[in-house]
1. Residues to consider are 62, 25, 74; find the one that is out of contact with any strand residue (DSSP E or B) (no Cβ under 6 Å at 6 or more places or on another chain), assigned by TED's automatic domain parsing to the domain that holds residue 6 and over 19 Å from residue 6 (Cβ atoms).
2. What number of residues in region 61-87 are surrounded by 10 or more Cβ atoms within 10 Å (Cβ to Cβ), more than 15 Å from residue 21 (Cα to Cα) and under 11 Å from the mean Cα position of the chain (by Cα)?
3. Taking into account only those residues within region 11-50 that are surrounded by 10 or more Cβ atoms within 10 Å (Cβ to Cβ) and outside any helix (DSSP H, G or I), which is farthest from the chain's Cα centre (by Cα)?
4. Could you tell me which of the residues 74, 67, 33, 25 is touching a helix residue (DSSP H, G or I) at 6+ places or on another chain (Cβ under 7 Å) and either more than 23 Å from residue 11 (Cβ to Cβ) or free of Cβ contacts under 8 Å to residues at least 24 places away in the same chain (or both)?
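The values are calculated or read from the model by the stated rules, or taken from the named source; none is laboratory data. All values reported here derive from a predicted model rather than from experimental measurement. Please note: Cβ atoms are built from the backbone with ideal geometry, for glycine as well, and neighbour counts cover all protein chains shown.
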């Protein structure tokens, strides 16, 4: 499969997955999603986002307006804890990447 075919496939899958996630959340069925699947999904999204942001050196919107502040902070804290990072570590990384988000 070519790079452009992979990108097109990923785009289609992302749209389908986004719709399925919204339906699952609205139906209150999140508890039925295996933890391993959530981990794989977030891990893949993080890898894709970080690679896109670093390779393009542009501001890539990380979330859309449907994500609440609480939801964003829950994920941000979970990502920090996953690597045993603290607010000081975050401040160092934030200053490193702040220039690319302006």
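1. Of the residues listed, the single one that is out of contact with any strand residue (DSSP E or B) (no Cβ under 6 Å at 6 or more places or on another chain), assigned by TED's automatic domain parsing to the domain that holds residue 6 and over 19 Å from residue 6 (Cβ atoms) is 25.
2. Within region 61-87, residues that are surrounded by 10 or more Cβ atoms within 10 Å (Cβ to Cβ), more than 15 Å from residue 21 (Cα to Cα) and under 11 Å from the mean Cα position of the chain (by Cα) number 5.
3. Of everything passing the filter in region 11-50, 29 is farthest from the chain's Cα centre (by Cα).
4. Checking each option against the conditions leaves just 33.
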